[in-house]
Structures are given as structure tokens and as C-alpha cells.
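K.L.:
One structure is given below, represented as C-alpha cells, and several questions about it will come after.
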Amino acid sequence: MDVKKIAVIGAGVMGRGIAQTAALTGFEVIMNDIEEEALIHAYSNIEKDLKNSVEKGLLTQFDMKQALSNIKLMNRIDEAGHSVDLAIEAAVEIMEVKQDIFKQLDEFCPSHAILATNTSTMSPTEIGAVTKRASQTIAMHFFNPVPKMKLCEIIRGIETSDSTVSIAVEVANRMGKETVQVNEFPGFVPSRINALVGNEALNMLMEGVASAGDIDKAIKLGLNYPMGPLELMDVVGLDTRLRNLEYLHKYLGEKYRPCPLLYKFVAAGRLGKKVGRGIFEYG
Ligand code: NAD
């Protein structure tokens with residue numbers, strides 16, 4: 001199957017990055033979200049990011065216009081799924097929400113379409129099981145920020161067919177991504193490590209071992225990380241990271257118990273860069 005048209009369901013941090021990257025690499029993209037405001041915010045963020053690239057000489061004006069014209073916004077999922085070859089779900093990390101979206105996509109997408117989830121940790125088998133096309137379901141796990149990060153982790157569920165895997169790999173490659181193929185297990189590969197590192201950095205902050213700035217500086221300069229684990233948590237979103245940890249705690253045990261400080265930050269609405277404040281403040 002030659003994938004031409006992709007629906008991206010959920011236009012938050014990840015959905016907008018996936019939509020931008022797909023549009024830039026020549027796919028027709030339908031962006032969908034239950035919140036009208038999220039769709040508008042996502043589109044203006046994409047526009048801003050592409051304009052930045054033009055100003056830096058990384059992209060031509062023509063390519064920017066072409067990419068923007070490849071993106072359509074639709075807030076009804078029946079219309080969004082109507083004529084696509086692939087749908088990528090990037091909504092909140094809650095199993096029931098993902099299953100509900102997959103049920104609707106199964107109903108509204110053409111029978112040949114593949115349904116992918118961008119979950120960071122959850123079982124693609126469990127998400128795909130609510131559809132009548134489990135063999136055409138898969139996880140395509142992109143990384144944040146999607147336009148810059150080179151990896152797309154491909155996770156097959158128990159029922160996923162070889163041809164679904166091949167198509168997902170081909171689409172990821174056309175989007176300029178390297179892939180790794182992973183057998184389903186909670187957290188897959190990078191998220192499983194990353195959740196642990198970030199949680200431990202928060203535990204150190206709670207214990208008063210060092211300031212947030214110095215913990216990040218120590219890890220960056222001492223371990224050669226490109227970004228400190230606390231700043232990275234702000235980039236990911238503290239609410240998203242808390243859900244990741246809760247899921248991993250449930251399936252992989254005590255070492256993933258979320259740091260109590262993480263609950264406090266989320267309760268305070270300090271969700272990270274997307275709201276201007278998280279562990280750090282952003283102007
Ligand atoms: P986010 O909170 O920024 O965005 C989620 C979006 O989904 C919101 O705009 C929300 O309105 C929308 N949404 C919720 N329910 C919906 C529904 N029923 N239909 C359509 N849209 C709906 O979250 P995010 O950080 O973009 O994460 C999305 C997914 O990607 C999660 O599964 C997350 O684990 C995964 N992920 C996140 C990162 C990261 O760094 N943030 C990295 C890789 C994967």
C-alpha cells in the first residue's frame with residue numbers, strides 16, 4: 001500500500017510534531033482534536049516553527065507553503081478518518097481514551113487503513129483489540145520534538161501483521177526517521193529507561209541533594225546528556241510523564257513508583273513548557 005493521506009488524532013505536543021513532519025515530507029495530513037482550541041494552537045505553532053526554519057535558511061518559502069497546504073484541520077473524527085490510509089493516534093496517555101479513539105477510527109477509516117498509536121508505554125495489543133482489524137494496528141512511537149528526533153520505535157502487538165510492520169517502517173523512513181523494531185513490553189526501550197532516570201532526578205530534588213539547575217547541569221556535563229532529565233520532563237509534560245510512570249509502576253513494579261513531588265507539580269498545574277512553567281519557569 002502506498003500511504004498518501006494520514007490522520008493525526010490529538011494535536012498536542014506530539015500530534016502537532018507528527019503532523020508537521022508528515023506534511024513536510026509530502027503526506028496529506030488531517031489534524032484532529034476534541035478541543036477546537038488545541039487544533040488552532042497546533043497549527044499556529046507549526047506555522048511559527050516553519051517560519052523559524054525559513055529565517056534560519058533551513059527551509060525554502062516554497063517548501064513551507066507546500067507543507068502548510070498539506071495540513072487540514074478537522075474536529076470531527078468521522079470526517080478526519082474518512083479517506084485516510086493511516087491514522088496515528090497521539091491523544092492523552094489514558095488506555096480508555098486510546099481504545100475509544102481506536103473504536104471510532106475502526107468505524108470511520110477505510111478498511112485498508114492502518115491504525116497506529118504513538119503511546120510511550122502502553123500495549124498496542126490492548127489498544128488494537130477493540131477493533132475488528134487487530135492485524136492492521138501497531139505502535140509508531142515518535143520522540144519529542146518530532147521534527148528533530150531521528151527515531152521512530154515500531155512496536156508490534158500480538159496480532160500485528162508483517163505487512164503492517166513493513167508499511168509503518170516505510171512511512172517512518174519517508175518521514176526521515178530511523179526505526180527500531182521492538183516486541184511489546186511496557187515502556188518499550190527509551191521510555192522505560194527515561195522514566196526511571198527522570199523519576200530519580202526528581203527524587204534527588206525532593207531529598208534536597210542539589211537544586212534543579214545543578215542536578216541537570218551535573219547530568220549534562222558529567223554524563224554527556226544533551227538535556228538534563230528535569231528539563232526533559234518539562235519538555236515531555238509532567239502530566240504525561242506521571243501517566244507513563246503510573247502505567248510502568250502497575251506493570252513493572254516498585255522501581256517505577258512516581259516521586260511524590262511529581263504529583264505536587266501536576267496538582268499545581270505546573271505541567272511543563274507547554275504551559276510556561278513546570279520544574280523550571282519559562283518566560
Ligand atoms: P498533550 O497533552 O500535549 O496532547 C494531547 C492532546 O490530545 C490534547 O490536545 C487533547 O485535547 C487531545 N485529546 C484528548 N482526547 C482526545 C480525543 N478523544 N480525540 C482527539 N484528541 C484528544 O499530550 P502529548 O504529550 O502530545 O502526548 C500524546 C501521546 O504521545 C501520549 O500517548 C504520550 O504518552 C505520547 N508521547 C508523548 C511524548 C512527549 O514527550 N510528550 C513523547 C512520545 C510519546
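K.L.:
Within the set of pairs 6+ apart or on separate chains, which have a first residue in segment 182-199 that is touching a residue at least 24 places away in the same chain (Cβ under 8 Å), a second that is small (Gly, Ala, Ser) and away from the ligand (no atom under 14 Å from the Cβ), and C-beta atoms under 6 Å apart?
P.N.:
Hits for this filter: Glu184/Gly157.
K.L.:
Residues Ile88, Ile46, Ile71: which one is at pLDDT 95 or above, within 12 Å of the ligand (Cβ to nearest atom) and of a type in the set (Val, Ile, Thr)?
P.N.:
It is Ile88.
K.L.:
If I filter segment 105-136 down to residues being assigned to a strand (DSSP E or B) and in contact with a Lys or Arg (Cβ under 9 Å, 6 or more places away or on another chain), which single residue comes out as farthest from the ligand (Cβ to nearest atom)? Outline the logic, then answer.
P.N.:
Going through segment 105-136, the residues assigned to a strand (DSSP E or B) turn out to be 114-117.
Those left that are additionally in contact with a Lys or Arg (Cβ under 9 Å, 6 or more places away or on another chain): 114-115, 117.
Numbers: Ile114: 17, Leu115: 13, Thr117: 7 Å.
Here the residue is Ile114.
K.L.:
Does Ala218 satisfy the criteria of being assigned to a loop (DSSP other than H, G, I, E, B), small (Gly, Ala, Ser) and assigned by TED's automatic domain parsing to the domain that holds Cys259?
P.N.:
Working: assigned to a loop (DSSP other than H, G, I, E, B): no; small (Gly, Ala, Ser): yes; assigned by TED's automatic domain parsing to the domain that holds Cys259: yes.
Spelling it out, it is not the case that Ala218 is assigned to a loop (DSSP other than H, G, I, E, B), small (Gly, Ala, Ser) and assigned by TED's automatic domain parsing to the domain that holds Cys259.
K.L.:
Follow-up question, since we're still on this one. Name the residue, out of Gly237, Gly253, Gly269, that is at pLDDT 95 or above, more than 20 Å from the chain's Cα centre (by Cα) and either within 14 Å of the ligand (Cβ to nearest atom) or within 30 Å of Ser166 (Cα to Cα) (or both). First the steps, then the outcome.
P.N.:
On the way: Gly237 fails: more than 20 Å from the chain's Cα centre (by Cα); Gly253 fails: either within 14 Å of the ligand (Cβ to nearest atom) or within 30 Å of Ser166 (Cα to Cα) (or both).
None of the other options fit; the residue is Gly269.
K.L.:
Condition test on Gly17, is it surrounded by 14 or more Cβ atoms within 10 Å (Cβ to Cβ), within 22 Å of Ser123 (Cβ to Cβ), within 9 Å of the ligand (Cβ to nearest atom) and not β-branched (Val, Ile, Thr)?
P.N.:
On the way: surrounded by 14 or more Cβ atoms within 10 Å (Cβ to Cβ): yes; within 22 Å of Ser123 (Cβ to Cβ): no; within 9 Å of the ligand (Cβ to nearest atom): yes; not β-branched (Val, Ile, Thr): yes.
Here the answer is no, as Gly17 does not meet what is asked.
K.L.:
Ok, one more. Considering (1) surrounded by fewer than 24 Cβ atoms within 10 Å (Cβ to Cβ); (2) more than 13 Å from Ile9 (Cα to Cα), say which one Ala91 fails and leave the rest.
P.N.:
(2)
The values are calculated or read from the model by the stated rules, or taken from the named source; none is laboratory data. No experiment lies behind these values; they were computed from the predicted model shown. We place every Cβ from the backbone using ideal geometry, glycine too, and count neighbours over all the protein chains shown.
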